[in-house]
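Attaching a single structure in structure tokens format; questions to follow.
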Amino acid sequence: MNEDIVVLNGKDNDTVTWNPANSAPKRSPGKIALLPSASTLCPGPKYCALSGPRIDMAFTFSHFTPSCPMRLFAFALCCLFFVSPVFSLDAVYVSPSGKDTNSGLSDKEPVASIAKGLEVVKSKGFKWLILLEGVHRIEQPIVLTPEYSGLSVKGPGTISGARAITGWKPYKDGIWQAEIPAAKDGKWSFRQIYVNGELRHRAKTPNEGFYRVAACPEGTPGTTGNYHKDCQTFEFKPGDIRPDWKNLDDVEVVVYYFWIDNYLPIESVNTETNIVKFKYKGDMTFTDDFSEDGARYIVENVFEALDAPGEWYLDKPAGILYYMPKDGEEMSKIDVVAPFATELLRIEGNPMEGKFVEGVEFLDVSFQHCNFLFPPGKTNCPQGASDVSAAINMIGAKECAFEKCTFSNIGTYAIEMKNGCSGNVIAKCLFHNLSAGGIRIDGGAAGSPPLIHSKNNRIFDNEISYYGQNYHSANGILIKHSYGNYIARNHIHYGYQLGVSLGWNWGYGRSIARDNIVEDNHIHHIGQGLLSDMGGIYTLGPSPGTIIRNNLIHDIDANNYGGWGIYNDEGSTGILIENNIVYNTKFAGYDIHYAKEITVRNNIFALGRLEQLSRTRGEDHPSVYFENNIVYWKEGSLFSGDWNDRQYKYYIHPAKPEGYDFHRNFESNWNIFYNPNKKLEEIGFPGGKFVDWQKRGYDQNSIYADPMFVDPDNFDFRLKPESPALQRGFEPIDLSAVPGLMP
Ligand SMILES: [Ca+2]
């Protein structure tokens, strides 16, 4: 009954069992904070928080599930309190059908605008703002500054940053048009429209698949020796890009290469040389990743390419939006909106002045439609669509919360915590159909003022799906310069680059990232074959104390390389990776670019299609301790990449100042390897066969044996009681807390 209760700052919390996120919480159940006085009243999943003695008011009923008589009884009790005038809510009500001349003090007299509602809340000193059902359209963000600390905003209303587009008339060839005067005036532009609630893409060519860069006059990885080269031109196949396209300077070439999708506005097209020049430089050679072949690309926002149902084009100089409806869409009844507001909500303190917004919560509120245009010079580099803004921005926010909120049809990231955000909670929220990613946390980097550090935030029990729909390199959860965060039991699926990304420091330089816990998440169908260099869970730079455990990761699919399950990228250091199950990856279930002192134990890496374990670079230090894992595969190689030894000195103790001689930088032992289709003698290990690998000192006590999974063909990796893994001390992996699994 108590498992869904979270209390942030209750008074009589002497039985709280959930540890703060900066220490490792118990893995299971790991999510309980119980305030006893509330527990007798709170009927179901809810969020009890923030207001101390008024804790019993903080119920969310919309998701109430009467699963037991006790809950029903408690629910009735709560209702009694609510109808009693003694327990009136001190709330201001807002309805899209209200009037700002109303008092707002009851749901019968709601005000119309959220801005007016906040004004009344502030003047009365109330703590509740109720957004009644309906779409609350805003064009400027809601801004909550420190004087709104303690405010609870409750749904079920929807906050939308879109404008409706009406007045459709037939144009020709099945295309319709509507006037957008604000676009003509240069006051409105957008990159998405939503038709009957569904995202529609800008007119593009080709309609299916990609064009290919024909040649790279500024170089390739082979000719320049470095793929990281700013390039501003490429050669196209004659006819693929045309100089006579309408509003040519508004046309964008979208290049898919390496780990990004790069949006490059055209400056000029030369049909004699077939060279296109862009307004800005891209970050990399226009090649198909590290190959010498041309990259894949499409051309977007082309009026002449408006030739497939669902495509649209905004002619900005003329102020006209064109749309070709899909089958079944009746233009007389159609609901078309486009995002206008560039931000929906800002929770804004001033951390450097020690001013924080504390204890603001949003319950059961939906957020939709947020606009974003690339600032001049930005094209979606370098990684994670990190330049794309967020709909909800938090700065100097402490112990604020979003619970059971929905974020959909967002043209940006949904939520970003920026400088000075700590102890915030995002729980039980639904994120879906996002142009960019779900949640991003950033703050001061190493050496920055402590007041701007972002830390100890908790993101749990959320579903983040169908993200990166416009900016494909966006991540489900992106933790940049931040520490002590707790990322648990999130169901993250159908993205294109990373599920969870930790750290923002390329190499071994000092990083502020540490002690982030990522556990019991279910991450699947990431990549979808579009981009390379991607995976389920990703780490970058030093991150001591960071733990990645009990996650279920599967169906990771890349373009050319790097569709990995768990991926330690440049300089990953001091991380524990244990009890994870990874399967159905195109490339290795576990990949190391280069790393230091990572412990990888008691994991199952299964069914990589091309390879199981990969490493880009060996170095002269211990990089990974790989012990007590099960590696199971049916196709592809066991190891790939560079597994060479390196001679190096390692300084262990001052009594031996000259250090010790080492040559292995990958400690591997007590593992079980098995391919049911091959005998051990047929398996290649780095430098030869198993016996050769062992002669080099690796896997001295590892075995090649059937681990006896219950049903690996159906991805049931539980171990049968007679499994040799169990006999050798492998701990069964408990997936009971992982969301999104069939019962
Ligand atoms: Ca088209």
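Only the coordinates and a few stated rules stand behind these numbers; no lab work does. For clarity, every value in this text was computed on a predicted model and none was experimentally measured. Ideal geometry is used to build each Cβ from the backbone, glycine not excepted, and the neighbour counts take in all protein chains shown.
Taking just the alpha-carbon atoms of segment 499-577, what radius of gyration and Dmax come out, in angstrom?
Cα only, segment 499-577: 12.3, 34 Å (Rg, Dmax).
Please give the calculated 222 nm ellipticity per residue for the chain, where each DSSP H segment of at least 4 residues contributes -39500 (n - 2.57) and the sum is spread over every residue; nearest 500 deg cm²/dmol?
Taken over the chain, the calculation gives -1500 deg cm²/dmol.
Antiparallel versus total DSSP beta bridges in segment 594-678: what percent is that, nearest 5?
Working: 3 of 21 bridges.
Percentage antiparallel, nearest 5: 15.
Could you work out the pair-distance distribution P(r) of segment 440-500 from its alpha-carbon pairs, with 5 angstrom bin width and percents rounded to whole numbers?
Calculated over all Cα pairs of segment 440-500, the distribution is 5, 18, 24, 18, 17, 11, 6, 1 percent.
Take the Cα pairs of the chain, get the Kirkwood Rh, then feed it into Stokes-Einstein at 25 °C and 0.890 mPa s and tell me D in µm²/s.
Values: Rh = 27.7 Å.
Answer from the Stokes-Einstein relation: 89 µm²/s.
Could the peptides 496-502, 720-726, 287-293, 415-421 be put in order, highest first, of the mean number of other beta-carbon atoms found within 10 Å of their residues?
Numbers: 496-502: 29.7, 720-726: 14.9, 287-293: 17.7, 415-421: 26.7.
Ranking the peptides 496-502, 720-726, 287-293, 415-421 by packing returns 496-502, 415-421, 287-293, 720-726.
So how far, in whole Å, is the C-alpha centre of segment 151-177 from the one of segment 183-204?
10 Å
Using mean Cβ contacts within 10 Å as the protection proxy, how do 243-251, 296-304, 484-492 order, highest first? The partial results should precede the final answer.
Working: 243-251: 15.0, 296-304: 20.9, 484-492: 26.3.
Peptide ranking by packing, descending: 484-492, 296-304, 243-251.
For the chain, what relative contact order do you get, as a whole percent, if you take Cα pairs closer than 8 Å and at least 6 residues apart?
Details: 2200 pairs, mean separation 55.3, N = 743.
Once divided by the residue count of the chain, the mean separation gives 7 percent.
While we're here: Rg/Rh for segment 385-526 to two decimals, with Rh computed the Kirkwood way over all alpha-carbon pairs.
Computed over Cα atoms, the ratio is 0.94.
Mind checking which of GLN192, VAL135, GLN700 is farthest towards the positive end of the chain's charge dipole, using Cβ charges of +1 (Lys, Arg) and -1 (Asp, Glu) about the Cα centre?
Looking along the dipole axis, the top candidate is VAL135.
Compute the Rg/Rh shape ratio of segment 163-337: radius of gyration over Kirkwood radius, all on alpha-carbon atoms.
On the way: Rg = 17.7 Å, Rh = 17.2 Å.
Dividing the radius of gyration by the Kirkwood radius yields 1.03.
Right, another one. Assign unit charges at the C-beta atoms only (+1 for Lys and Arg, -1 for Asp and Glu), then state the dipole size of segment 316-360 relative to its Cα centre in Debye, rounded to the nearest 20. All intermediate terms of the calculation are to be shown ahead of the outcome.
Numbers: 5 positive and 8 negative charges, 34 e Å.
Around 160 debye, computed over segment 316-360.
How many angstrom separate the Cα center of segment 559-613 from the Cα center of segment 670-743?
When both Cα centres are located, 15 Å separates them.
Something else now. With the radius of gyration and the Kirkwood radius both derived from the Cα set of segment 150-194, what is their ratio Rg to Rh?
Details: Rg = 16.2 Å, Rh = 13.8 Å.
The Rg/Rh ratio comes out at 1.18.
Under a 5 Å amide H to amide H cut-off, with H placed in plane at 1.01 Å, what residues pair with TYR561 once short-range neighbours are removed?
ASP533
Applying the Karplus parametrisation 6.51 cos²θ - 1.76 cosθ + 1.60 with θ = phi - 60° to the phi angles of segment 405-417, what ³J(HN,Hα) value in whole Hz is obtained for each residue in order, glycine and proline being reported as x?
With the stated coefficients, segment 405-417 comes to 8, 10, 10, 9, 6, 9, x, 9, 5, 7, 10, 10, 9 Hz.
Once you have the alpha carbon radius of gyration of segment 543-743, what is it after dividing by 2.2 N^0.38 Å, with N set to its residue count? Kindly include the intermediate steps, with their values, before the conclusion.
Numbers: Rg = 16.8 Å, N = 201, 2.2 N^0.38 = 16.5 Å.
Dividing the Cα radius of gyration by 2.2 N^0.38 Å gives 1.02.
What trypsin sites (Lys or Arg not before Pro) in segment 508-577 are in a loop by DSSP, with at most 14 other Cβ atoms within 10 Å of the Cβ?
Working: sites: ARG510, ARG514, ARG549; in loops: ARG510.
Answer in residue order: ARG510.
While we're looking at this one, here's another question. Among LYS204/LYS316; LYS116/LYS404; LYS169/LYS326; LYS246/LYS316; LYS172/LYS326, which pairs are too far apart, with a Cα-Cα distance over 21 Å? Present the calculation step by step, with values, prior to reporting the outcome.
Working: LYS204/LYS316 17 Å; LYS116/LYS404 25 Å; LYS169/LYS326 16 Å; LYS246/LYS316 11 Å; LYS172/LYS326 15 Å.
Checking Cα-Cα distances, LYS116/LYS404 exceed 21 Å.
Pairs of Cα atoms under 8 Å, at least six residues apart: use those to get the relative contact order of segment 543-743, whole percent. Present the calculation step by step, with values, prior to reporting the outcome.
Details: 501 pairs, mean separation 29.9, N = 201.
Reported relative contact order: 15 percent.
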